[in-house]
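Just so it is clear, none of the values below were taken in a lab; they were calculated from the coordinates. All values reported here derive from a predicted model rather than from experimental measurement. With ideal geometry, Cβ positions are generated from the backbone for all residues, glycine too; neighbour counts draw on all protein chains shown.
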Amino acid sequence: MEYTNIKLDRENGVAVIRLNRPDAMNALNPELISELSDALTVVGQDQGIKALVIRGEGRAFCAGVDLLYFETVFAQPVLIPPFLQKMNDCLMQIESLPVPVIAVVHGFALAGGLELMMACDMALVADDARIGDQHVNFGLIPGGGSTQRLPRRVGMQRAMELLTTGRWLSGSEAVEWGLALRAVPVEDLDRELETLLGPLRIKSRPGLGWIKSVALRGRDLSLRDGIALETMAFAQYVATSSHPAEGIQAFKDKRQPEF
């Protein structure tokens, strides 16, 4: 598939997807979502990839769903459910990808852009980024998961503030609230990203996939059920992968494991 709304690069164990509608601040439309979904499938099937980075071209990460497209959809309400289903399937695809996914956010991450950021496992943000839900500012309600992911990330009271007031956070505030991992000056984003990617490049891809899957699946379980899930996953992983044995042998040999 040829991409025009995104760019996909793969190098040295890392895939990078760049949203590529800079004139529209990378607003999400059906074509971009289709291309993003296809690229996610490609990354998921590439066993050499240890991490995925999602970022935006131009002056923003993502300003949300393309409201010019949505204006045409309002004239045909029957088109709304399929579009939202497609968008949410894509975001769930990010969450289920068997490698860590890192959002690198500069400029704006608003509404659908915030929903995209929250579907990623970690977010590095520029300290002057502008991050918020803001659907309510335009008489809309979320359709890409904000009402569900925000309370899980920041707690109900803070989520309700963002959802009902349309308030924007700075990148630094997003870190304080638990929406982002670290905030740095925009010119330091690439350096901070490499600090995070360096250790991931040498890890076991199956190990990374199991860790992510168990953490996400256990998120809504009781502690007892979550530990039972982890115990079962540990046994399955050891029984189906050679990497644990290699890791233990490397420890005994005092060398770096070869995954």
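For the peptides 156-163, 101-108, 231-238, the ranking by mean Cβ contacts within 10 Å, running from highest to lowest, is 101-108, 156-163, 231-238. Nearest 10 degrees, 0 to 90: what angle lies between the long axis of helix 223-240 and the longest principal axis of the chain (Cα atoms)? Value to nearest ten degrees: 60. Remark: the stretch 205-253 carries a charge dipole of roughly 120 debye about the Cα centre, counting +1 on each Lys and Arg Cβ and -1 on each Asp and Glu Cβ. Around the Cα centre of the chain, unit charges on the Cβ atoms of Lys, Arg, Asp and Glu (plus for the first two, minus for the last two) sum to a dipole of about 740 debye. Cβ-Cβ distance of Gln256 and Glu187, R₀ of 51 Å, FRET efficiency by 1/(1 + (r/R0)^6): the value works out to about 0.95.
Cα axis of helix 189-201 to longest principal axis of the chain: angle in degrees, 0 to 90, nearest 10? The two axes meet at around 30 degrees. Computed over the alpha carbons of the chain, Rg followed by Dmax gives 19.1, 67 Å. Helix 243-253 and the long axis of the chain differ in direction by around 50°, with both axes built from C-alpha atoms.
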